[in-house]
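Chemist: The structure is given below, and queries will be raised subsequently.
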Amino acid sequence: MRKKFVITLWVILFLCISAVSLAFYAIWHGWIGYMPNLYQLENPVNKYASQAVSADGKLLGTWSYSRANRIFVGFDDLSPWLVKALVATEDERFYDHSGIDYRALARAVVKRGLLGQSNAGGGSTITQQLAKNLFLSGNRSYFRKGQEIIITYMLEFWMEKERIFELYLNLVEFGTGVFGAEAAARHYYGTSASSLSAGQAARLAAMLPKPRYFDKHRNSGYLMHRTALILRRMGSADVPR
């Protein structure tokens, strides 16, 4: 009886692994859903706002054919505080993992799935969020998650960490119609992404779970508390603003 039970367990395990492997194989080859090719990975399509610049280099204005306010900025033109703030709050092992942070994922599964803590976070890394924002829809399904995982590893293989961070910070939403670090810096603080202080960077990072909500509730007690927490993780004594 025990022998049959053990054999049955091994058969079920084998079938589960085979089914998951087959699903990933089908997703990889584009048989299920969408899968970007190498050119699309190296040349992600984005709609950024057009900029009018005077002869002496002063910005005269920006406009976009869509409602989204997007202004591209390179990694070297990002405030170091903003990079630290995003790593501290979104993906603390960003520079160590290869796309998937299994420790954060396991913690999220335990807290959300077993303990029912809705505010435990989803365990997604910055690269996973970039994969979703670049190539996938917001629909939630196991197949879409499989696509996200595969694209995440492809991005990590083909791109440097700085390029991944650059694309992420030019895509992520910081408020209603405000996308990317440069647009957010100008919208909230009237400055550039390169000039953000530690407190300003921490406040922007704190907005990310619900950017549209915090766009309208800038003095929320939770937002202030979250900003102060991020500043401590960054090792800064700057005052939240």
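The values are calculated or read from the model by the stated rules, or taken from the named source; none is laboratory data. Remember, predicted model here, so these are calculated numbers, not experimental data. Cβ placement follows ideal geometry from the backbone for every residue including glycine, while neighbour counts extend to all protein chains displayed. For the accessible areas, the whole protein counts, side chains as well, though only heavy atoms, and no ligand, DNA or RNA atoms are used. Shrake-Rupley method; radii C 1.70, N 1.55, O 1.52, S 1.80 Å.
Chemist: Take the conditions of a type in the set (Asp, Glu) and more than 20 Å from residue 40 (Cβ to Cβ) and apply them to residue 160. Does it pass?
Modeler: For residue 160, the condition - of a type in the set (Asp, Glu) and more than 20 Å from residue 40 (Cβ to Cβ) - is not met.
Chemist: Please give the number of the condition residue 225 fails out of (1) buried (at least 16 other Cβ atoms within 10 Å of the Cβ); (2) assigned to a helix (DSSP H, G or I); (3) not charged (D, E, K, R).
Modeler: Answer for residue 225: the failing condition is (1).
Chemist: Condition first: farther than 21 Å from residue 203 by Cα and free of Cβ contacts under 8 Å to residues at least 40 places away in the same chain. Now tell me which residues in the range 77-107 satisfy that.
Modeler: Matches in the range 77-107: 96, 97, 101, 102, 103, 104, 105, 106, 107.
Chemist: I'm trying to understand the selection: among the residues of the range 176-213, which are among the basic types (Lys, Arg), open to solvent by 20 Å² or more (accessible area, probe 1.4 Å) and in a helix (DSSP H, G or I)?
Modeler: Of the residues in the range 176-213, the ones among the basic types (Lys, Arg) are 186, 203, 210, 212.
Filter once more, so that each one left must be open to solvent by 20 Å² or more (accessible area, probe 1.4 Å): 186, 210, 212.
Selection gives 186, 212.
Chemist: Among the residues of the range 151-167, are any open to solvent by 70 Å² or more (accessible area, probe 1.4 Å) and farther than 24 Å from residue 96 by Cα?
Modeler: no
Chemist: On to the next question. Determine the pairs where a residue that is farther than 26 Å from residue 152 by Cα, located within the range 167-193, has a partner that is small (Gly, Ala, Ser) and open to solvent by 30 Å² or more (accessible area, probe 1.4 Å) with Cβ atoms under 6 Å apart, the partner being 6 or more residues away or on another chain.
Modeler: From residues that are farther than 26 Å from residue 152 by Cα, the pairs are 185/192.
Chemist: Listed residues 123, 138, 116; which is part of a loop (DSSP other than H, G, I, E, B), in contact with a Phe, Trp or Tyr (Cβ under 9 Å, 6 or more places away or on another chain) and modelled with pLDDT under 80?
Modeler: Details: 138 fails: in contact with a Phe, Trp or Tyr (Cβ under 9 Å, 6 or more places away or on another chain); 116 fails: in contact with a Phe, Trp or Tyr (Cβ under 9 Å, 6 or more places away or on another chain).
Result: 123 is the single residue among 123, 138, 116 that is part of a loop (DSSP other than H, G, I, E, B), in contact with a Phe, Trp or Tyr (Cβ under 9 Å, 6 or more places away or on another chain) and modelled with pLDDT under 80.
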